[in-house]
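Rule-based calculations on the coordinates, nothing more; no lab input. None of these values were measured; they are calculated from a predicted model. Cβ sites come from the backbone with ideal geometry, for glycine too, and all protein chains shown count toward neighbours.
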Amino acid sequence: MSTEAKVGAFTLISLALLAFIVIHLSGFSFGGEKGYHIQVLFKQVNGLKPAAFVRYAGVTVGSVKTVEADGLGARVKLHINPGINIPDHALVTISGDGLMGEKFINILPGDMESDTYLLDGAVVQGVDERGMEYLMANAGTTLDELQTLIKSLNDVLGNEQVKNSMIESAKNIKTMTDNFNHMSIVMERMAVNNEQDLRVMITNLSMMSQSAKSAADGMDRMIRDFSRDGQTAEQMRQAIVNLSSTSRRIENMAANLEPVVADPQTAQDLKTILASAKNVTARADTMMSQVSNITAEPGIDFLYSGGKDQWMTNFDLKVSTSPNQFLLLGVDDIGGDDQTNLQLGSGNDTLAGRVGIIDSKVGIGVDSYINDKLKFSLDAYDPNDIRLKFRGQYEFMPDTYLVGQTNNVNKSAERVTYFGIRRTF
């Protein structure tokens, strides 16, 4: 074969390979586009564009071909890949990848099983999403409800009669568990030395077991209604310790008596007592864990701007229900604008996020802990007129901080910077 022929053959083969690659990557098919089409009707499409993904149960199964107005709303034509069967009762919605992400069609299978599937050319009614417009339209109602909730909580927790009743209940339960503890020590010694008739001892054990269960029920209720009064908390902890100790002694006594009891009824009573004591012990351990995990840290800020709105006093209360979750509530600018704060947060020793009410507006916040003394925070709130607040604080003495805070960072005409002191208790 001549050189010219070899070059020609090589060129033809290269062109054929190039054509194959282009056709393969473009998805072109000589038999026409594979798969099938369905049309979805929406009242509005909120930025959906042609070529957007179509996902079924979270998996990409096609793409958007066209988006057109039809007089009553929008008509969206979808191309579905071959081999994908979509039930005729599936829900079709418009979703987005995150707050600012691209829109796509999201198809949900639905709750019912079906043997009937959408065919080529089918027309279905889509489910319109509720976007940011809906959120902002309802933000005012949500804020009013939250403020009503805060007022109700304040009325209950601020009632002196309620506080006194809870404190008195804690004292009574502590006294009762002290008595249980003493009785269990005496009866444990009696069981070892056989100082009394077994049947009488078992009857007494049964009474103690029932009393311990009643005490556990009472402490369960107190934990659910728990106030953060320090003295009450300590009394509850001591009562739970006594209850746990008593129930364990009842377990030991019942276990020691069980091998020497011949009467079937007495043996059954012992088994019941043993099961009840184990249950109370487990509940006491759980309650101790709950009480130990709940912490509350009140704090107050005294800030000065040197200009308009010169002084600002803030109060907040951070209630931690676990190492990673907390509730933050308080009031900023006390005696001035009285801005309400009520936020749920989650995070760790490095980074935490918050969402809820910030300065009486819906918002989100981020806290960054540089080390155990330095912390920076950024809040974004008020969906109708976005505002940013930046804050830094440094602990220069135990529970005492230097604070710098700038309100309305993104609004030069309203920007105010404060410096001052924060104290936690």
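For the reader, a short list of remarks on this structure follows.
- Theoretical FRET efficiency, 1/(1+(r/R0)^6), r = Cβ-Cβ of Asp88 and Lys373, R0 60 Å, to 0.05: 0.45
- Mean shadow area of the range 36-125 over all directions, Cα convex hull, nm²: 5.7 nm²
- Extending 7 Å from Cα along the Cβ direction at Ser412 and again at Leu317 yields two label points whose distance is 4.3 nm.
- Residue-span extension gain [Phe302 to Glu395] - 0.36 nm each, minus C-alpha spacing: 32.0 nm
- Estimated FRET transfer efficiency (Leu18, Asn81; beta-carbon r; R0 41 Å; 0.05): 0.95
- A simple spin-label model places pseudo-atoms 7 Å from Cα toward Cβ; at Arg423 and Tyr117 they are separated by 7.2 nm.
- Between Phe53 and Thr66, the distance separating the two model label sites (each 7 Å from Cα on the Cα→Cβ line) works out to 2.6 nm.
- Cross-linked pairs Lys318/Lys373; Lys375/Lys411; Lys318/Lys411; Lys103/Lys361; Lys373/Lys411: Cα-Cα separations exceed 20 Å for Lys375/Lys411; Lys318/Lys411; Lys103/Lys361; Lys373/Lys411.
- Rounded to the nearest 20 debye, dipole of the range 332-398 from Cβ charges on Lys, Arg, Asp, Glu: 220 debye
- All other residues whose Cβ lies under 12 angstrom from that of Ile386 are scored, Lys and Arg at +1 and Asp and Glu at -1, for a net of +1.
- As a rough footprinting exposure proxy, the listed residues Arg354, Arg415 were ranked by other beta carbons within 10 Å of their own, and the order from fewest upward is Arg415, Arg354.
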